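Report on one structure; see the data block that follows.
Readers should treat all values here as calculations from the given coordinates under stated rules, not as data from a laboratory. Owing to the predicted nature of the structure, the values given are computational and were not obtained by experimental measurement. Here the Cβ positions follow ideal geometry from the backbone for every residue, glycine too, while neighbour counts run over all protein chains shown.
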Amino acid sequence: MADLIDEIALSLNAGTTIPYLGPGMLSLCPDSRVPATPLALAERMTAKVSVPHKIRKRLTQAAQFIENFKHRKSVVHLMNEAFATSPAPSPLHLALARSGAGLWVDTWYDDTLAHALSQVGPQGSWAQIQGLSQSEHFGNWTGNYAADGGLLPELPKDVARLLYKPLGSRSPAGNYLVSDSDFVEVLTEIDIQTPIPAVVQAWRTGRSFLFLGCRFDDQLTRCFARQIMKRSSDHHWAVLPEEPTRMEALFLQEQNITRIDLPLAQFASSLVDALQVK
């Protein structure tokens, strides 16, 4: 296992591997007070707005009910409240930010990695792209933001480090893909790659992905990962200590993702050490 972690560290520093983060990364942030699973987020939202019992634990359906019977602004307000605090970046967040990676994919709504990128480099050294809801930004699939949160009409050509948040984020503008209708719009077009920024499509070509804090036990997470990975390398890794479900195992096999059967905290400690050495 040490040799494998050394290999991953070398590829991260060489810029040939793209970190792909899920909500499980928040388990490495002991002071985090934001929801760290879709279930926790659904429970946070439905504790404040009454929804039918059968969908109270189903995030996208609960968000859709609130959007339909309250207002889209109610969904955004609840999401802003849920992610109002910024978790302190863990050593792994900071190590990934310092690595030679040029693109980071972060598929949860917190801004932990953005803070890590700001801590390890000058403000102008990175930018981010966030997915946009069609209900609020019809015709625009993504928004570009500078490290200081300013809206960018387009990405500067000299930005070499890019954070891609396909589901949006609390910071800087409260953009969220969270309701059923949000995802229906994206999934209608994602097979032809329309919602995925051209710069992400170009950067991923021939590169590997390292999945951290991710599960692939529902169709939505598998679909996003599959489409973001398209035309990348044929060799990837996923830290997945839990026994994969049948569909997860099929997905890992289909995408040639090597499962690393270690607790995330243990892998994080080893990778941080290896990145410092390499």
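Summary of computed values
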{"item": "Sum of -39500 (n - 2.57) over DSSP H runs of 4+, divided by residues of the chain (222 nm, nearest 500)", "result": "-12000 deg cm²/dmol"}
{"item": "Thr258, Thr46 arranged by Cβ crowding within 10 Å, fewest neighbours leading", "result": "Thr258, Thr46"}
{"item": "Principal axis dimensions, the stretch 38-82 - Cα atoms, whole angstrom, descending", "result": "23, 20, 15"}
{"item": "Size of electric dipole in the chain: Cβ of Lys, Arg +1 and of Asp, Glu -1, about Cα centre, debye, nearest 20", "result": "480"}
{"item": "Percent of Cα pairs exceeding the 22 Å cut-off, where the set is the stretch 115-197", "result": "26"}
{"item": "Leading residue at positive end of dipole, the stretch 38-82 (Cβ point charges), from Met79, Asn68, Ala40", "result": "Asn68"}
{"item": "Pair Ser135, His235: separation of 7 Å Cα→Cβ label points (nm)", "result": "4.4"}
{"item": "Extension gain, Glu7 back to Glu242 (0.36 nm per residue minus Cα-Cα distance, nm)", "result": "82.3 nm"}
{"item": "Selected from His235, Ile192, Gln119, residue furthest toward positive end of dipole (the chain; charges at beta carbon)", "result": "Ile192"}
{"item": "P(r) weight above 24 Å for the chain, C-alpha pairs, percent", "result": "48"}
{"item": "Coil-residue chymotrypsin sites (Phe, Trp or Tyr not before Pro) of the stretch 46-144, DSSP, other Cβ within 10 Å capped at 14", "result": "Phe138"}
{"item": "Proxy reagent accessibility, fewest Cβ within 10 Å first, across Cys214, Cys223, Cys29", "result": "Cys223, Cys29, Cys214"}
{"item": "Over the stretch 1-89: Rg over Rh, Cα atoms, Kirkwood Rh", "result": "1.16"}
{"item": "Pair Gln253, Gln119: separation of 7 Å Cα→Cβ label points (nm)", "result": "4.1"}
{"item": "Neighbour-count ranking [beta-carbon atoms within 10 angstrom, fewest first] of Glu43, Glu242", "result": "Glu242, Glu43"}
{"item": "Within the chain, percent of DSSP bridges classed antiparallel, to nearest 5", "result": "30"}
{"item": "Long-range amide H partners of Phe209 with built H, under 5 Å", "result": "Ile18, Trp237"}
{"item": "Given charges at beta-carbon only (K, R positive; D, E negative), |dipole| of the stretch 38-82 in Debye", "result": "100"}
{"item": "For the chain: relative contact order, % (alpha-carbon pairs under 8 angstrom, 6 or more apart)", "result": "22"}
{"item": "For Ala101, distant residues with modelled amide H under 5 Å away", "result": "Gly15"}
{"item": "Euclidean distance between Cα centres, the stretch 247-271 to the stretch 125-198, Å", "result": "27"}
{"item": "Within-9-Å neighbourhood charge of Arg204 [Cβ basis; K, R +1; D, E -1]", "result": "+3"}
